[in-house]
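Derivation of every value follows stated rules applied to the coordinates shown; laboratory data play no part. Note that the coordinates shown come from a computational prediction; the quantities given were computed from them, not determined experimentally. Because the Cβ atoms are built from the backbone with ideal geometry, glycine has one as well, and the counts that use them run over all protein chains shown.
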Amino acid sequence: MFKRVLIANRGEIALRISRSLRELGVEVCIIHGREDRLSLPVRLSDYAIPIYRSNPLDSYLDYEAVIDAAKQVGAEAIHPGYGFLAENAAFVRRCQEEDIIFIGPDADVISLLGDKIEARKAMEAAGLPVAKGSDEAIQNPEVARDLAEDIGYPVIIKAAAGGGGIGMQVVHSPEEFESALNLCQSRAQSAFGDSRVFVEKFIEGAQHVEFQVLADGENAIHFGERFCSIQRRHQKLLEEGPWLSDEVRAEIGDRVCEGAKSVGYRGLATFEFLRDKNGEFYFLEVNPRVQVEHTITEMITGVDLVKMGIEIASGQTLPIDQNEIQFSGHAIQCRLNAEDPIRFIPSPGKLWDCHFPGGRGVRVDTHAHVGYEMPGCFDSLLAKLIVWGKDRDEAIAKMKSALSETILVGVETVIPLHKAILEEPDFIARDITIQYLEEHSNLLG
Ligand code: MV4
């Protein structure tokens, strides 16, 4: 195991990673920007390295400064968490050049999966179900329109370098096609510096289901699925699991393991799917990192995913077999963002009071405390409230109770929206698609 690891992140995930490092007996190093100098993950670290920049985000994005910090403290490995440098292949290559272990997959695998055309092609070849579509970038509007005609409208045009939905265009008829193509290409060019796009059948009325995978470069295991359809502008709000029958989980789980093995994947990964009304699955993309909602999986399987990811990075092989992974009960996570609960505008400020719930089956992952100055320049995630119940009904009841115990004074939060969702009949009946919040706008105030 490593002696010393550098966390290149902030907030709740920095604290989450430091917990696993401590359990493994590893010394915790962390970089930080000026805004975070008094934050809990910095105060609780063994070595804290300031990287102060006029643009606060640059403290966590300047990867040469991060590599210098790792060398300065003698850290053998860097944990990127999520966001910031987690999916930056150039940074991973620099780590390799400096003989610093990046806790995550190889640079080439990150590059492959970051290209949604290549990822789709690789996963289709490995036997994963994909929506009908193009297996190459499309340039010529005539060729593209013929393809769309063949697939059948509606179709969706997506950026190859995309993810997160940036620039996506849904097209309902041939007349709309050319201008949608141009728009998607120019959005892709300005967002990613890469104008390549591809076309897929648009899956209507779908749910968002994702599978948790862990692989060691040779073998892969899965930890079942999470249901993440409740989101707004591609930011998830409430996640839960399990969602599928044991049979479907085993089938899709098998396939995602084949997909991970086919690219020599190492570390934690999430395979995202759409699931349509008929229960058909369509691969979307692979997220090559720990995710905000990994906690759901930890609650229903009883494993420490972050710890396992670190063990794999240190050179160990998979610590457990697929048949050792057992699922128990139901977990729900509410993201407690410091935002206006109707318009989702960030609400920075000082936390004058702060109290979190506890008790059996209640978990809170947060860096918040009384006196914490919630900055406006970073993600608005203030805390994650996760509950476990023997079944979904018990988990819902427990979450309602836990939310009513939560006190956060000084910033606005999305707690009122979570409370409204937990009482909403379609939510209770599991009748939820990715359009849930748009179709239940009554919940927004
Ligand atoms: C789709 C789709 C419908 N059909 N692809 C959004 C983000 C990116 N990862 C892929 N996305 C979508 N791809 C086909 N063929 C609908 C979405 C989508 C979505 C997917 C998951 C979660 C929320 C979403 C919200 C809007 C659109």
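Side notes on the structure shown:
- Any hit, segment 144-153, residues being closer than 23 Å to residue 234 by Cβ and exposed (fewer than 15 other Cβ atoms within 10 Å of the Cβ): no
Yes/no per residue for (1) in contact (Cβ under 8 Å) with a residue 60 or more places away in the chain; (2) within 12 Å of the ligand (Cβ to nearest atom); (3) assigned to a loop (DSSP other than H, G, I, E, B); (4) surrounded by 19 or more Cβ atoms within 10 Å (Cβ to Cβ):
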{"site": "104", "(1), (2), (3), (4)": "yes, no, yes, yes"}
{"site": "108", "(1), (2), (3), (4)": "no, no, no, no"}
{"site": "124", "(1), (2), (3), (4)": "yes, no, no, no"}
{"site": "138", "(1), (2), (3), (4)": "yes, no, yes, yes"}
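- Close pairs from segment 269-281: first under 16 Å from residue 212 (Cβ atoms), partner within 12 Å of the ligand (Cβ to nearest atom) and part of a loop (DSSP other than H, G, I, E, B), Cβ under 6 Å, at least 6 apart: 281/129
- Qualifying residue in segment 279-286 (condition: in contact with an Asp or Glu (Cβ under 7 Å, 6 or more places away or on another chain) and crowded, with 22+ Cβ neighbours inside 10 Å): yes
- Annotation: of all residues in segment 386-410 being β-branched (Val, Ile, Thr) and within 16 Å of residue 337 (Cα to Cα), the one that is nearest to the chain's Cα centre (by Cα) is 386.
- On inspection, residue 396 fails the criterion of being of a type in the set (A, V, I, L, M, F, W, C), more than 16 Å from the ligand (Cβ to nearest atom) and surrounded by fewer than 19 Cβ atoms within 10 Å (Cβ to Cβ).
- Conditions (1) among the β-branched types (Val, Ile, Thr); (2) in contact with a Leu (Cβ under 7 Å, 6 or more places away or on another chain); (3) touching a residue at least 24 places away in the same chain (Cβ under 8 Å); number of the one not met by residue 370: (3)
- Segment 140-166 - residue that is over 19 Å from residue 188 (Cβ atoms), part of a loop (DSSP other than H, G, I, E, B) and not aromatic (Phe, Trp, Tyr) and, of those, farthest from the ligand (Cβ to nearest atom): 152
- Under the condition of being touching a Lys or Arg at 6+ places or on another chain (Cβ under 8 Å) and of a type in the set (D, E, K, R), the residues counted in segment 79-114 number 3.
- Hey, residue 275 crowded, with 19+ Cβ neighbours inside 10 Å and within 15 Å of the ligand (Cβ to nearest atom) or not: yes
- In summary, strands (runs of 3 or more DSSP E) completely within segment 167-238 and bearing 3 or more residues that are near the ligand (Cβ under 10 Å from one of its atoms), in contact (Cβ under 8 Å) with a residue 40 or more places away in the chain and crowded, with 16+ Cβ neighbours inside 10 Å occur at 197-201, 207-216, 220-232.
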